[in-house]
Amino acid sequence: GNSVTQMEGPVTLSEEAFLTINCTYTATGYPSLFWYVQYPGEGLQLLLKATKADDKGSNKGFEATYRKETTSFHLEKGSVQVSDSAVYFCALIPSDSWGKLQFGAGTQVVVTP
Amino acid sequence: GAVVSQHPSRVICKSGTSVKIECRSLDFQATTMFWYRQFPKQSLMLMATSNEGSKATYEQGVEKDKFLINHASLTLSTLTVTSAHPEDSSFYICSALEGPESTDTQYFGPGTRLTVL
């Protein structure tokens, strides 16, 4: 079946540090890949997405590249801010499953001043 | 960005009663909405896909007679938990698909915390 595995948190960083959250997936065919973010007290928001191999999604300084060969979609940001503290979810939509997001467990990120 | 609301945000009910949760897309029309369930410190699990004007499709293991979904208009989907029991206590979240494509942005509601006593 399809699944998403992401690194466990919490991840604690100092402001301006480099952030990486690993995400790997299992799926048949070519799924679309997503990162969602949930800020404290708010609903999930789409952060970025990539719909085919080698695509790079980017938004708000975050980037992730769809790597088919390693079935990965790692999230990176070069210099985090306190306002980036949130829970980050990696997700996929299988190619044979219209619109149905499957989420990883989520990774809590805490950025300290 | 687009906004999706849920009502109520919290509900406490007695075992055996039914609870209705509303999901509204406030500034766009959504042919398709999704309902998820989230357990504490766990990820979201898709329960069902709600399509305007047709029956919902449920994921494996989700009882359709227990979780009734009605998508009566392009801006409103409702989830009714019938004869609720304590094991139905959870965080229920809806999302609305903004466009016609599978990978169009899904906008999520803030969630509804259901506690069944």
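The values are calculated or read from the model by the stated rules, or taken from the named source; none is laboratory data. These figures come from a predicted structure and were not determined experimentally. Positions of Cβ are backbone-derived with ideal geometry, glycine not excepted, and every protein chain shown enters the neighbour counts. Ligands, DNA and RNA are stripped out before the accessible areas are found, and what is left, the full protein with its side chains, is counted by its heavy atoms. Shrake-Rupley method; radii C 1.70, N 1.55, O 1.52, S 1.80 Å.
Unpaired cysteine residues in chain B (no second Cys Cβ under 4.7 Å): B:CYS13. Peptide B:92-105 has a mean shielding of 3, counted as Cβ atoms of other protein chains within 10 Å of each residue's Cβ. Looking at segment A:3-72, the trypsin sites (Lys or Arg not before Pro) that sit in a DSSP loop and have at most 14 other Cβ atoms within 10 Å of their own Cβ are A:LYS52, A:LYS60, A:LYS68. In this simple spin-label model, placing a label point 7 Å from the Cα along the Cα-to-Cβ direction at both B:ALA72 and A:ASP54 gives a separation of 5.1 nm. Could you run the Debye sum over the Cα atoms of the protein assembly as shown, one equal point scatterer each and no solvent, and tell me log10 of I(q)/I(0) at q = 0.18 Å⁻¹, two decimals? Rounded to two decimals, the profile gives -1.34. Between the amide H of A:MET7 and those of A:ASN22, distances stay under 5 Å, these residues lying 5 or more places away or on another chain, with hydrogens modeled in the peptide plane. Take the Cα of B:GLN42, go 7 Å toward its beta carbon, and the backbone nitrogen atoms of segment A:23-47 under 20 Å from that spot belong to A:26, A:38, A:44.
Apply the a/c threshold of 1.5 to the C-alpha gyration tensor of chain B and tell me whether it is rounded, prolate or oblate. Prolate, because a/c is 1.5 or more and a/b exceeds b/c. Which of rounded, prolate, oblate describes segment B:5-46, given a ≥ b ≥ c as roots of the alpha-carbon gyration tensor eigenvalues and a/c under 1.5 marking rounded, otherwise prolate only if a/b is larger than b/c? It is oblate, given that a/c is not under 1.5 and a/b is not larger than b/c. Taking B:LYS55, B:LYS66, B:LYS41 in turn, the Gaussian network model of chain B (Cα-Cα springs below 10 Å) assigns the largest fluctuation to B:LYS41.
Over all pairs of different C-alpha atoms in chain A, the reciprocal of the mean inverse distance, the Kirkwood hydrodynamic radius, equals 14.0 Å.
For segment B:23-53 and segment A:47-68, what is the centre-to-centre distance using only Cα atoms, to the nearest Å? Segment B:23-53 and segment A:47-68 have Cα centres separated by 24 Å.
Ordered from highest to lowest accessible area with the whole protein assembly present and a 1.4 Å probe, A:TYR30, A:TYR66 read as A:TYR30, A:TYR66. Per-residue surface analysis assigns A:ASP54 an accessible area of about 100 Å², computed on protein heavy atoms at 1.4 Å probe radius.
Mean separation of Cα pairs under 8 Å and 6 or more residues apart, divided by the residue count, gives segment B:14-84 a relative contact order of 40 percent.
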